[in-house]
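Undergrad: Starting off with a structure, shown below.
The values are calculated or read from the model by the stated rules, or taken from the named source; none is laboratory data. Note that the coordinates shown come from a computational prediction; the quantities given were computed from them, not determined experimentally. As a convention, Cβ positions derive from the backbone with ideal geometry for all residues, glycine included, and neighbour counts pool all protein chains shown. Side chains are part of the model used for accessible areas, which takes the heavy atoms of the whole protein and leaves out ligands, DNA and RNA. Shrake-Rupley method; radii C 1.70, N 1.55, O 1.52, S 1.80 Å.
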Amino acid sequence: MKEKSSVIAHAPAPLFSRAGLWWGLLGVTAFSFTLPFTRVAVGGLSPLFIGSGRAVVAAALAALALAVTRQHPPTRAQWWRLAIVAAGVVAGFPLLTSFAMTAAPASHGAVVIGLLPAATAVMVVLRTSERPGRAFWWFAALGAAAAVVFASMQNGGLGELHWADLLLFGAVLAAAIGYAEGGLLAREIGSWQTVSWALVLAAPLMLVLTLASALADPPTASPVQWLAFAYLAVVSMFLGFFAWYRGLAIGPMAHVSQIQLVQPVMSIAWAALLLHEQIGWPTALGGIAVILCAALAVRTRLNRPRTATTP
């Protein structure tokens, strides 16, 4: 059964059910606490320690799960693809968002992360060689422009983009690549196995970064800040991906990626409730604009009729 790619290219619609959407929603709900809890954790832990340390804790859990269930190692080709997943969601997104949360409110970060659904859909299109209509690209570009305008206006006007916004845009790109590749791999080796092997692969580098960070800037976190870090490690970095990659694997991937549209709304709500951040009109309007553009981009791609393919 090596022809997994054929399932991706022309699997019949009846195979897909609402199960993929529900699994995706469960994963997004877990991820929606990531930015607020990162904002809490950076109060007593360095961004490098948070971004790398959470991966080390999650890798230990992953190694235990793989050993207990006696999973067969991936093939050489799959290891290369797992390296892409690890670079995107194990290293890239956690590190970039951790540094960004030292200078930006969680609600602000949540709006910029609202680009992620459209970015993920773009990566799925590129990865699977699909050709959506022109309208899809227009809406994706509008979403990117809306996020850039929102971020720059929040920092005093156009042309004054803050360095934290650049980190957040980089985090979006890293996560989109990791999500697309991970969703494809989840169809071959399983959802939790994909994230587990990616964590194990990245563990040596993440461990070195964690130790270096702890030596250079010893942690001085409060119990609440350690609890926030624990959530980031166990749920955001590990358990949340069980549900998210399972949803992507059930698919269709672009359809499930729409569920990410609720993540910024959830994150902004948690930031207001847990961190007492003020949610003003710029944040609300920026969030609506980004989410609307992302929704139109993804829906345009999904509504485009598919050409029948020959296996």
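Undergrad: Select from region 17-46 the residues that are under 16 Å from residue 183 (Cβ atoms) and among the small types (Gly, Ala, Ser) and write down the one among them that is most open to solvent (accessible area, probe 1.4 Å).
TA: The qualifying residue most open to solvent (accessible area, probe 1.4 Å) is 19.
Residue-by-condition table, conditions (1) open to solvent by 60 Å² or more (accessible area, probe 1.4 Å); (2) modelled with pLDDT of 90 or more:
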residue: 220; (1), (2): yes, no
residue: 224; (1), (2): yes, yes
residue: 240; (1), (2): no, no
residue: 245; (1), (2): no, no
residue: 248; (1), (2): no, no
residue: 252; (1), (2): no, no
residue: 255; (1), (2): yes, no
residue: 260; (1), (2): no, no
residue: 276; (1), (2): yes, no
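Undergrad: Scan (1) open to solvent by 60 Å² or more (accessible area, probe 1.4 Å); (2) over 14 Å from residue 57 (Cα atoms); (3) at pLDDT 85 or above for the single condition residue 192 breaks and write down its number.
TA: Residue 192 satisfies every listed condition except (1).
Undergrad: Another question, then. Take the residues in region 56-107 that are of a type in the set (S, T, N, Q) and more than 23 Å from residue 44 (Cβ to Cβ); name whichever of them is least open to solvent (accessible area, probe 1.4 Å).
TA: 78
Undergrad: Given the structure, is residue 271 out of contact with any Gly (no Cβ under 8 Å at 6 or more places or on another chain) and either at pLDDT 70 or above or in a helix (DSSP H, G or I) (or both)?
TA: The answer is yes for residue 271.
Undergrad: Step by step: first the residues of region 34-76, then only those that are over 19 Å from the mean Cα position of the chain (by Cα) and among the basic types (Lys, Arg), then the one that is nearest to residue 234 (Cα to Cα). Which residue is that?
TA: 70
Undergrad: Can you confirm whether residue 216 is under 23 Å from residue 46 (Cα atoms) and open to solvent by less than 50 Å² (accessible area, probe 1.4 Å)?
TA: No: the conditions fail for residue 216.
Undergrad: Could you please give the count of residues in region 74-103 that are free of Cβ contacts under 8 Å to residues at least 24 places away in the same chain and either touching a Phe, Trp or Tyr at 6+ places or on another chain (Cβ under 7 Å) or of a type outside the set (Lys, Arg) (or both)?
TA: Matching residues across region 74-103 total 3.
Undergrad: Just checking, does region 164-186 include any residue being more than 30 Å from residue 145 (Cβ to Cβ), at pLDDT below 85 and of a type outside the set (Asp, Glu)?
TA: No, region 164-186 has no match at all.
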